[in-house]
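Any read-out appearing in this document is the output of simple, stated calculations on the displayed coordinates, not a laboratory observation. Owing to the predicted nature of the structure, the values given are computational and were not obtained by experimental measurement. Every residue, glycine as well, gets a Cβ built from its backbone with ideal geometry; the counts of neighbours run over all protein chains shown.
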Amino acid sequence: MTDSSRTPFISRTHARRSGRFAVMAAALLITAGCGTSPASSGPSTPAAPNSTPAANASAAPAGADISRGVNEMLQQVQAFQSALQQGGGGSLKAAAKQLNETWASFEDAVRPRFPVQYADVEKFLSPLTAGANASVPDAKTLGQLAQQLADALQRLGQAAKDGGGQTSGNAALDQAADRYHDWTVEQVQALQRATKRFTDAVRQGDVAKAKALYPQARVYYERIEPIAETFGDLDPDIDAREGDVDPTQWRGFHRIEKALWQTGSTEGLTDVANRLDADVAQLASQIQARTIQPGEVVAGAVELLNEAATTKITGEEERYSHLDLVDLAANIEGSKQAYEAIEPIVRAQDAGLDATVQSRFRALDEALAPYRSGDGFVTYTKLKDADTRAISRAIQAAAEPLAQAAKILG
Amino acid sequence: MSNPTPPTGTNPPGWWNRRLTRREMLRTSATGALGLVVGAAVSRALWHPSPPAPAPVMGAGAALDRVPFYGDNQAGIATPQQAHLVLAALDVTTERVSDLRDLLRTWTDQAARMTQGLQLTDDASLAALPPQDTGEAVGLPASRLTVTFGFGPSLFELHGTDRFGLASKRPKALTDIPSMPRDALDPMWCGGDLVVQACADDAQVAFHAVRNLVRTAAGVAAIRWLQRGFLGMPQVPGTMSGGGQRTAAGGASDSTSGQTPRNLFGFKDGTANRAVLTEAGLRQHVWVGPNDAPAWMRGGTYLAIRQIRMHLEVWDRTSLTEQERTFGRHKASGAPFGRQDEFDPVDPAKLPPDSHVRLARGDGSVQILRRGYSYIGGLDPKTGLYDAGLCFLSFQRDPERQFIPLLRRLQEGDLLNEYTTHFGSALFAIPPGTRPGGFIGDTLLFGL
């Protein structure tokens, strides 16, 4: 609860625009820390926000103390749930207050050692507290939050038991990678649905509709590009640009893009549309089946900005539709999301670096803002050299510190 | 671009325009460190008018290609000219003056290391991280690398906005160079909030310095334009092999010939520097003096930059007579019209009134320190003609009094204009040098 000044840097407009809760859920991760925390009267209130993990670790109680705190909170969650069933009121507020007091008594021991689990607990505890203190508590939401908080506490308890209080981030890193994997699975499933809507329009011969649906599908691919690129031919099959592959082998999004924007016809595209669906389906099942290593998350975050800084800002990617800024923004969203997964670990190790990365991401959003248009962006052809230079600079400024986040890998 | 005046003072002829030998450079730093006077040429060392900060202790030979970074003035100005230039202008992208101050502090530490032939860090890099130093200078000697920093007018005020609370500190003389007749300026090649000049006898060492400094600046400042230059160092036959002024550690660019380098038109360029490159000349013409305003600039200077394309193909179809008439000098010897030797005093009456040297000289009272480099940028894509010319650099104490009138005279009437196009322009305040623990620009930014 030392981060109440932090603001979400995953843009909510993005989430609304894409109509996907996944991004919204990620935003919640960050906003969670902004909730009210009335527990500051507890016996051991948080230490100075800038105290180093090492200092915390040396003064912190052993893993057993964390387990004790977790168990106490789990009982308090039960008390909270009973209060909820009995109609809330004063006992609900009291239960929430107790939870916060207990958490405040040992959260400083948790944060440096189990940053992911720490963020997890915070994510649910803060809205739960706020909700319990609302004039008309929302019983259904509070019930869910209580269950989620209990689950998060269980995970923390397990980590404390496994980790024995070590400061190593290995377990935390693995969990971060798992979380990022969950997100990529959501994205690729959304890609499958959006691609189907797009290819349906192509098969129906509705050029205008297909053109409108094209960027909606592209976004999901561009967000997870580094992972999609790990499956041999699947990336070129789906995303090759003209000239990237043998002309007779050329298929995927850009082949259809060229037909839609250059010839304005869907003639002969049914096969290409069918194969695109099949390729994307295969991508989805492969992403689901594989695991993601922590190193891939870190590298992926940087890679996505590199993609944006090279093929997107030059207008090469969407050479017929000129929707390059849509792809570029999606690359940036994907990069943020990957960073989001490791952010608690980075913050615990180097709060200054984390603050820099987040402020550079915000500056990048601001640099892109002038080019937003409706639900999307202006076409690349409208950009002048000074515009692409300004965006490029903002990407560079974010990518440099982001590359330093790899320090969490040791 | 040459402007001879009679040598002043009683110095032995020839010493002032000779590049310091490696041995002399070693002795010079010893002089500074120990307070000894070793000899006339050394005690009058032109490139360090006051005793330099003690140089790091190092083996004999090692110091030969290291120019001290710390001192009253920044290096890379009165330093004997190195063979290569990498020059970058940057735009400050932060809104916080503290970011700017921190950047200058980091830059200073990094430049101090690199000029002494060190990597950015002694620490081994983590395998998971991008290396802190980009690495292309590993194994290369320091190559007399100098790094010089400066501030552009837009840092103090941009479109009427006092961006960093520095507007009241802007030196009066620090404004954009006013537009001139025949200007063909490209905004992408003009101005900049900050300038970094890296000079070295090895092009890769110079680029390494700029590249790492620009990388460090990410999020605080972004590169605006970049120019690369070179200078052919004439050699006197015989001095390359075992001449008395050579040392075992000598490198290829250790010119001791005292000859003036030539520009891409084949003419000697920089002849007039001999009068400026004395302790008295530097004090009078280059360094902002102890009573000059603003106080934070004392010991600093101003850098004027003009990017000048030279139309080589046209020039090469011009007769020798016309070429020489254009400059007002003989091509082979460099002697002014009516004289025998390059360094003979110019007789203005003998020069065509619109020749380059005649106009550059004016009435002979105003001097600047020229430190330009030739550049080759490839081909003009439209014409297939060379994109090549001069990255003109000059240092002066008061650009309003020295450089601007000179430039105006040339731009208005110089015969050379027929063969050149000015496409870039910038003026920077070069703050004084600093001492270990301080940072370049601290006289302006300390405490902000």
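Of note:
- Sorted on the mean count of surrounding Cβ atoms within 10 Å across their residues, most packed first, peptides A:374-385, B:277-288, A:391-402 read A:391-402, B:277-288, A:374-385.
- Per residue, the average separation of C-alpha pairs within less than 8 Å and at least 6 apart gives segment B:89-186 a relative contact order of 21 percent.
- Residues A:ASP375 and B:HIS159, FRET efficiency given R0 of 30 Å [Cβ-Cβ distance, rounded to 0.05]: 0.35
- Considering only A:PRO215, A:GLN192, A:GLY268, the residue lying farthest towards the positive end of the dipole of segment A:172-409 is A:PRO215, judged by Cα position with unit charges set on Cβ.
- Peptide B:218-229 has a mean of 3 when you count, residue by residue, the C-beta atoms of other protein chains within 10 Å of its C-beta.
- Inter-label distance for A:ALA212 and A:SER359, nm, one decimal - labels placed 7 Å from Cα along Cα-to-Cβ: 4.3
- When peptides B:268-274, B:127-133 are sorted by average Cβ neighbour count within 10 Å, with the highest value leading, the order is B:268-274, B:127-133.
- Counting only other chain Cβ atoms within 10 Å of each residue's Cβ, the peptide A:393-406 averages 4.
- Sites A:ASP244 and B:ALA293 - FRET efficiency at Förster radius 56 Å, r taken between beta-carbons, to 0.05: 0.35
- Cα→Cβ-extended label distance, 7 Å offset, between A:ASN274 and B:VAL97, nm: 7.0
- Exercise: per-residue mean of other protein chain Cβ atoms within 10 Å, B:84-96: 1
- Listed residue pairs exceeding 26 Å between alpha carbons, taken from A:LYS384/B:LYS169; A:LYS93/A:LYS336; A:LYS196/A:LYS312; A:LYS258/A:LYS312; A:LYS211/A:LYS384: A:LYS384/B:LYS169; A:LYS93/A:LYS336
- Unit Cα scatterers, Debye sum, segment A:172-409: log10 I(q)/I(0) for q = 0.14, 0.17 Å⁻¹: -0.89, -1.25
- Between B:LYS331 and B:LYS382, the FRET efficiency estimated from the beta carbon spacing at R0 = 25 angstrom works out to 0.25.
- With both labels modelled 7 Å from their Cα along Cα-to-Cβ, the B:LYS350 to A:GLN154 distance reads 10.0 nm.
- The relative contact order of segment A:172-409 comes to 24 percent, based on Cα pairs under 8 Å that sit 6 or more residues apart.
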